1. Report ³J(HN,Hα) in whole Hz for each residue of the stretch 387-395, in order, from the Karplus equation J = 6.51 cos²θ - 1.76 cosθ + 1.60 where θ = phi - 60°; Gly and Pro get x.
2. If amide H atoms are built 1.01 Å from N in the plane of the peptide, which residues on other chains or at least 5 residues away come under 5 Å of the amide H of Ser164?
3. Tell me the accessible surface of Trp159 in square angstrom (1.4 angstrom probe, heavy atoms of protein chains only), to the nearest ten.
4. Based on the mean of other Cβ atoms within 10 Å per residue, sort peptides 323-336, 477-490, 54-67 so the most packed one is first.
5. Cut-off under 18 Å on the C-alpha distance; same-chain residues fewer than 8 positions from Lys168 excluded. Which aspartates and glutamates are left, in chain and number order?
6. Return the aspartates and glutamates within reach of Lys400: Cα separation strictly under 14 angstrom, same-chain partners fewer than 8 residues apart disregarded; answer none if there are no such residues.
7. Roughly how tilted is helix 69-86, in degrees to the nearest 10 and between 0 and 90, from the longest Cα axis of the chain?
8. For the Cα atoms of the chain, what angle does the longest principal axis make with the long axis of helix 56-65, in degrees from 0 to 90, nearest 10?
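The values are calculated or read from the model by the stated rules, or taken from the named source; none is laboratory data. Only a predicted model underlies this, so the values are computations on that prediction, with no experimental measurement involved. Backbone-built Cβ (ideal geometry, glycine too); neighbour counts: all protein chains shown. The accessibility values were calculated without ligands, DNA or RNA, using every heavy atom of the protein model including side chains. Shrake-Rupley method; radii C 1.70, N 1.55, O 1.52, S 1.80 Å.
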Amino acid sequence: MTDRPSYYVTTPIYYVNDVPHIGHAYTTLASDVLARFKRLDGYDVMFLTGTDEHGQKVEKSAEKAGIDPQAFCDKVSARFRDLAEAMNFSNDQFIRTTEDRHKKAVQHLWNRLVDKGYIYEDKYAGWYSVRDEAFYAEDELAQGNNGKKLAPTGAPVEWVEEPSFFFKLSAFQDRLVEYYDANPDFVLPKSRLNEVRSFASGGLQDLSISRTTFSWGVPVPDVPGHIMYVWIDALANYLTALGYPDEENPDYSKFWPADLHMVGKDILRFHAVYWPAFLMAADMPLPKRIFAHGWWTNEGQKISKSLGNVIDPFELIDTFGLDAVRFFLLREVPFGNDGDFSRNSFVQRCNADLANGIGNLAQRTLSMIHKNCDGALPDFSELTSEDNELLNLPKVTLEKIRELMDRQAFNLAFDEIWRIVSAADGYISREEPWALKKTDIERMKTVLFVLADTIRQIGILMQPIMPDSADKLLNQLGVAERTFTQLGEAGRLKPGTSINKPQGVFPRLELVEEASA
Ligand code: MSP
């Protein structure tokens, strides 16, 4: 066992009613960047993603596809695994709620809630939305055009009456509100905490947590005919992955409570109200943070299958390259806000920051070294205060980036990296190494060395967001050690290392319209 600090980050598990789209890629990407960042920063990381395979929505989709639900889940879940590979996600586990280990874990949690006296049997009569897999109170519903009632999300609802077990959610109202007040960073962004707080303080009804009118779910222990409500089943995945109910499991002792549940704003209530209440009822520690990110629209329109404007991450990767996709999604929009996806802004952003920014800086510097220093990193002579300032900037910047990453402010964290790029660009313009070539060759070598070592450090900092491109850059410089401990003097480049003719790492993108589906 190491005594390194631990970091446990989870994504929502994805419903297998649908193939993966950009929204799914986005949630997992944000988690991946954090997981990679923490690993480079010396943490033992557990990064979990997976698929949510039970419930009425999935059962209906399987029926529609004319396949047995398990076979249907196997097929769609595999697509999510493909996405993880295509997006270069570094998840340590991929969990599926149809696995036996999960059924055992969630049944154990259920029994614990029964033992603690928080589950009782009654009858549910009320509104349910299959699309949202959520129960709604009458006063939450709106009237649709066709006279039918709609959930606040716009999803259709149906009236349900069936025997059901209930969880005494109402018993946790005060404790939850006190908890939010005592832990203002429990839910971020802040506006989302306010939303959750006002929902909870407005009055919590007990929650129906079993269903009897269909069968695709985890059986309620010892009660034939009842299966668990898909959300209690799904939320427990965060425990299953750590070996729960075996609380002696080293992963459980190391990683629970989770440091971060990354979720979209649509599923905040489940994570920030129901989940903490279940855990309080079971006498278990609560996750430290729930971050609710915003939603993407496509060229101004809500993304939906029926509108036919779903953005396919596989297609984007094919068209623009993986790292450009990773960069754009997290750079373009302040994390937490909604964002509009447009191919035009994609191309502009990537060309400005990647091709013309870091790409140009690296290409210029490495070409000059290759050409003017016999294909090897030059030695440096005396360093000026300006040289030292640039060389030390990345290490100083890491402190700021850490803080920003700890509040999931990805775009601001990347801004900090790009400030180093600008500082290096400014340094080149002032030092004019091309002019020094004629007047002071020793100084030219020092300037090029300083630039190369700055690029090394930018490469190290860039790894979480663009792992492949960072690797290429660091390989060109012959850098072996790549963790954050190598920033500053510790990992300084070795003069004499040979530098091949550099290959551009960040190609200029052209605006290509999406191939019609
Ligand atoms: N199965 C539940 C989660 C259970 S977690 C214990 C679920 N699955 S989902 O597949 O419908 O959605 C998963 C995630 O994708 C959510 O975080 C959701 O916000 C995100 N997105 C779906 N469409 C999106 C956009 N258009 N934009 C950004 N993210 C969106 O909910």
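1. Ordered by residue, 3J(HN,Hα) equals 4, 5, 4, 5, 5, 8, 4, x, 5 Hz.
2. Amide H neighbours of Ser164: Asp122, Lys123, Tyr124.
3. Its accessible surface works out to 130 Å², give or take rounding.
4. 323-336, 54-67, 477-490
5. Within reach: Asp115, Glu121, Asp122, Glu178, Asp206, Asp233, Asp283.
6. Partners within reach: Asp41, Asp415, Glu416.
7. 20 degrees
8. 80 degrees
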